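Novice: One structure follows; several queries about it will come next.
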Amino acid sequence: MPLNELPIEVEPLAGAMPAFRASIPAGELRGLCGEARARKARLVALWGSDETERSAGYALHLALGFPSGLLWVSVPLSREEPHYPGIADIYASANRMQRATADLLGILPSADADRRKWLRHGAWPEDAFPLRKTVEAAARFAQGPDRYPFVPVEGEGVHEIPVGPVHAGTIEPGHFRFSIVGEKILRLEERLGYKHKGIEKRFEQMTLEEGAKLAGRVSGDSTVAYAMAYAQA
């Protein structure tokens, strides 16, 4: 059936809210996202998956929110080169999700996209991807130097002020790099992801009952929401 907002064939998904699924080739991804953005659709999420145990390669997934419902778009990618055209210039919120997907699965956006690491923080090598099925849940990696390439701001009187990731208050860890002239902030670059705990990989080793308990404990202020999402999935 066609979607109301886009000329694309979709498959309805059973559930409490209107939801649809579609699969498109990587070459059509930017065109679809551009048209979705023009129709005021929100990018709800972007993630990847390893489909190699199903005799396939990898896949990129997007969830787009339309007035008619939620559209889940899957983009099959090859096993040898799981690359796709980045969409962060269309949906700015995709930037961090693209980088996290690259860190965890080696699914890379196009070369003109921001490919800096987001979750690695030196915790595993650049050529290791923890969410691939070939990586054991018990695998451990040697710590390495971080060497995160912050974007420098140059000019007369420019100072850099680093803050965090450890803070004096109770906020979660995050590193913030301020480039300032006097009291004027020219640029703020932030790094988060310090509390990444490999929960996705842990789920792979659990029964449904065990997973339900873990889902309710991922985030203390989202216990009901996460447990409900897990039950619905």
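The values are calculated or read from the model by the stated rules, or taken from the named source; none is laboratory data. Note that the structure is predicted; figures quoted are calculated from it, not measured. Here the Cβ is made from the backbone with ideal geometry for all residues, glycine too, and neighbour counts use every protein chain on show. Each accessible area value is taken on the protein alone, full model and side chains, heavy atoms only, with ligands, DNA and RNA left out. Shrake-Rupley method; radii C 1.70, N 1.55, O 1.52, S 1.80 Å.
Novice: Which order, highest average first, do 24-32, 225-233, 203-211 follow once you tally other Cβ atoms within 10 Å for each residue and take the mean per peptide?
Specialist: 24-32, 225-233, 203-211
Novice: For the chain, take the longest principal axis of its alpha carbons; what is the angle in degrees between that and the long axis of helix 94-105, to the nearest 10 within 0 to 90?
Specialist: 80 degrees
Novice: A follow-up question, please. So what are the radius of gyration and Dmax for the Cα set of the chain, in Å?
Specialist: Cα only, the chain: 19.8, 60 Å (Rg, Dmax).
Novice: Still on this structure, please answer the following. Size of the dipole of the range 134-233 about the Cα centre, Lys and Arg at +1 and Asp and Glu at -1 on the beta carbon, nothing else charged, in debye to 20? Present the calculation step by step, with values, prior to reporting the outcome.
Specialist: Numbers: 12 positive and 14 negative charges, 50 e Å.
Charge dipole of the range 134-233: 240 debye, to the nearest 20.
Novice: Using +1 at the C-beta of Lys and Arg and -1 at the C-beta of Asp and Glu, which of Phe150, Ala215, Gly86 has the Cα lying farthest in the positive direction of the dipole of the chain?
Specialist: Ala215
Novice: Further, regarding this structure: Output the peptides 6-18, 186-198 sorted from most to least packed, where packing is the average of other Cβ atoms within 10 Å over each peptide's residues.
Specialist: Answer by packing, highest mean first, reads 186-198, 6-18.
Novice: Kindly provide the helix-only [θ] at 222 nm of the chain, computed as the sum of -39,500 (n - 2.57) over DSSP H runs of four or more divided by all residues, to the nearest 500 deg cm²/dmol?
Specialist: -5500 deg cm²/dmol
Novice: Normalise the Debye intensity by I(0) for the range 58-113, one equal point scatterer per Cα, no solvent, then take log10 at q = 0.24 Å⁻¹ and round to two decimals.
Specialist: Debye curve over Cα of the range 58-113, log10 I(q)/I(0) at q = 0.24 Å⁻¹: -1.01.
Novice: Taking the alpha-carbon distance from Lys197 and a cut-off under 20 Å, which lysines remain once sequence neighbours fewer than 8 residues away in the same chain are dropped?
Specialist: Lys117, Lys133, Lys213
Novice: Please calculate how many Å² of accessible area the chain carries per residue, with a 1.4 Å probe and no DNA, RNA or ligand atoms counted.
Specialist: That works out to 60 Å² for each residue.
Novice: Heavy atoms only, probe 1.4 Å: what % of the accessible area of the chain goes to carbon and sulfur, would you let me know?
Specialist: Numbers: 7690 of 14070 Å².
Its accessible area is 55 percent carbon and sulfur atoms.
Novice: Would you please put 71-79, 136-144 in order of how densely packed they are, using the mean number of other Cβ atoms within 10 angstrom per residue and starting with the highest?
Specialist: Result, highest mean first: 71-79, 136-144.
Novice: Here is a follow-up. Relative to the longest principal axis of the C-alpha atoms of the chain, give the angle of the C-alpha long axis of helix 223-232, reported between 0 and 90° and rounded to the nearest 10°.
Specialist: 30 degrees
Novice: Would you please give the FRET efficiency between Arg147 and Glu190, computed as 1/(1 + (r/R0)^6) with r the Cβ-Cβ distance and R0 = 22 Å, to the nearest 0.05?
Specialist: Taking R0 as 22 Å, the efficiency between Arg147 and Glu190 is 0.80.
Novice: Angle, helix 29-38 long axis vs. longest principal axis of the chain, Cα atoms, 0 to 90°, nearest 10?
Specialist: With both axes taken from Cα atoms, the answer is about 80 degrees.
Novice: Continuing with the same structure: With the contact rule set at Cα under 8 Å and sequence spacing of 6 or more, what percent relative contact order holds for the range 1-122?
Specialist: 22 percent
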